[in-house]
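The values are calculated or read from the model by the stated rules, or taken from the named source; none is laboratory data. Given the structure is predicted, the values throughout are model-derived calculations rather than measurements. Here the Cβ positions follow ideal geometry from the backbone for every residue, glycine too, while neighbour counts run over all protein chains shown.
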Amino acid sequence: MVTLQSLWDVIVVVGLIVAIAPWFGGYLGRVYQNRPLVGDRILGPIEQAVYRLIGTSPRRQMRASEYMVALLITNGILLGYLFLFFVFQNDLPLDATGVGGFSWSLAFHSAASFTTNTDFTHFTNEAQMSMGSELIAWQLALFISPATGLSAIVAMIRGFVRKDGTVGNFYVDMVRSLTRILIPLSVVFALILVLMGVPETLTNYVVAHPITGGLQWIYLGPVASFQSISLIGTNGGGWYSANAASPLANPSAVSNLFLVGVMMLIPFSTPFAFGQIIRRRGEAWPFMATILIIFAVALGLFIAYQAASNPALASVAGLGTSTNGYPVGQETRFSLPEASLFQVVSVYANVGANNMAIGSISPVGQMVLLFGMFTQSTPGGEGTGFGTLLLFAVLAIFIAGLMVGRTPEYLGKKIETVHVKWAALALLIHPAIILIPFAVGVLWGDPGIVSTSLSASAHNFTSVLYELTSEAANNGSALSSGSFNDTTPFWNVTGAVVMLLGRFVPIWAMLQVGGLFAGQEEKPPSSGTLRTASATFTIYLTMILIIVSALLFLPVLALGPLAQII
């Protein structure tokens, strides 16, 4: 039910984050500018010790290609480590429940998922993963993967202010992302979650005695700390398979709203970190405004269609068309606007956590969530979301320059054909890695698209589309597990390849664009320079983003979500 109070809760949470974002974004910028910060006396020596251990120095700067190699080596080691741990988890520590090892294809999918900040699972956490795998393997990835995204975007941003062709030192950026941002925030937020009633223990389970008789084993663990980093790092993978719909992971409406704020904090602050680093804070607002416009429209549509009556229930005795049937599968502990806010923030920030069964929501609601993963930038995942938005801006400014016959430039740096090629690669790889395997899977017949009715077939079609879109966007949410069997070797391997390409090809393009800009001298603005810190540019960028994303995916939307409305 939609009440004025529940809508007010939504407005307050979003308003608080928007108010905090400029300050926190400034802090993020100072972290990567190596400015003096609170905690330097303690953290500085620790960071220097880590630099000596890995054989690097903050004074050593890398060009884009070298930065990318360092990034791939680090993530490649993580991928291999996770794969081996999952295959042999039954022979490794902290397997009190005696779960077996993963098959090679499931281990590959899971390792790729956690390495790429996706956390899309083809397994049941409570039944198939040991506590050792969750604490020693998966939780390590929860820190490394968001730190990788933050490092990539800050390297790209440096290209706008440097002239020597360098973009920073990946290892230094990674360490500072961990020590100054992710670890402190995860500790603070975990303590707050404990105070809200979320468990934090190394006990595997407790035995309960239900009033109906018998025994019930309740799966436990360090849920608060796991939940904290999974959301602040836009990972999304929950300790429980039910994710944030579980009352143990998300016990109340207050904790639900708090988790929303946790998910929004870094993605909504990154534009202001950009403004801090380039020393033009006004340039952050067009990006923030674009994010807020698309996010607000998406949230409004989602709530409106979830609150609408469901005509499919007209023939069900005792219900009728006036009954709001779409939120079936939604936690009744949360109001519709509060639950919707969580779900839209989770998908649009590429977190992928769930507090409702997405397969039960309205077709328009499904389409709203899909569009957030099509754009990947409103606000998108940790670091890479804003990087994608910057690439959209590069394309938009280049097109604007062609329309008025001026040489396109941004922040004093000339946008050339090679910049546009890299930006186009990053934006076009997304539909390619979704639609090609989607067509192969559907034509092969593996998902079982054919059904007895158009609406059922369209739902199955949407389920496959949603899964591949979620993997390509490194999101991690799923529409439904019942529409097709996604645990086969084909879907495990296909999903893993999609996630790896969807993660590292755009990062490669972002670094190359940043490196190209870093090799240019900054030119003073002229009378023909496009004013990007303006309302006009905000509207222009918003329209470019919507039009490009819609054109790429409109045909499959017509065959999936839109066909369910007929």
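Restricting the first member to segment 320-341 and to residues that are more than 20 Å from Val254 (Cα to Cα), and the second to residues that are modelled with pLDDT under 65, the beta-carbon pairs closer than 6 Å and six or more apart or on different chains are Thr321/Pro311; Thr321/Ala314; Thr323/Leu313; Gly325/Asn310; Gly325/Leu313; Tyr326/Asn310. Being within 22 Å of Asn204 (Cα to Cα) and surrounded by fewer than 22 Cβ atoms within 10 Å (Cβ to Cβ) narrows it down to one residue among Gly100, Gly165; which is it? After ruling out the rest, the residue left standing is Gly100. Cβ separations smaller than 7 Å between residues 6+ apart or across chains give the following pairs from segment 539-562 residues that are of a type in the set (S, T, N, Q) to residues that are crowded, with 16+ Cβ neighbours inside 10 Å and in a helix (DSSP H, G or I): Thr542/Thr290; Thr542/Ile293; Thr542/Ile294; Ser549/Phe371; Ser549/Phe374; Ser549/Thr375.
So which helices (runs of 4 or more DSSP H) are wholly in segment 54-162 and hold at least 2 residues that are of a type in the set (A, V, I, L, M, F, W, C), touching an Asp or Glu at 6+ places or on another chain (Cβ under 9 Å) and modelled with pLDDT of 95 or more?
Once the helices (runs of 4 or more DSSP H) in segment 54-162 are filtered for at least 2 residues that are of a type in the set (A, V, I, L, M, F, W, C), touching an Asp or Glu at 6+ places or on another chain (Cβ under 9 Å) and modelled with pLDDT of 95 or more, what remains is 139-158.
Somewhere in segment 204-220, is a residue surrounded by 22 or more Cβ atoms within 10 Å (Cβ to Cβ) and in contact (Cβ under 8 Å) with a residue 12 or more places away in the chain? No, segment 204-220 contains no residue that is surrounded by 22 or more Cβ atoms within 10 Å (Cβ to Cβ) and in contact (Cβ under 8 Å) with a residue 12 or more places away in the chain.
Out of everything in segment 241-260 that is part of a loop (DSSP other than H, G, I, E, B) and of a type in the set (A, V, I, L, M), what residue ends up being nearest to Tyr219 (Cα to Cα)? If you could, list the steps in order and put the result at the bottom.
First pass over segment 241-260, keeping only residues part of a loop (DSSP other than H, G, I, E, B): 241-242, 246-252.
Then keep just the ones that are of a type in the set (A, V, I, L, M); that gives 242, 248-249.
Values: Ala242: 12, Leu248: 10, Ala249: 11 Å.
Looking at the filtered set, the residue picked out is Leu248.
Look at (1) closer than 20 Å to Ala141 by Cα; (2) free of Cβ contacts under 8 Å to residues at least 60 places away in the same chain; (3) surrounded by fewer than 17 Cβ atoms within 10 Å (Cβ to Cβ) and you find that Phe83 fails only one, number (3).
Residues of segment 497-535 that are basic (Lys, Arg) and buried (at least 18 other Cβ atoms within 10 Å of the Cβ): Arg503 alone.
If the condition is being at pLDDT below 90 and touching an Asp or Glu at 6+ places or on another chain (Cβ under 7 Å), then segment 317-364 contributes Asn355, Met356.
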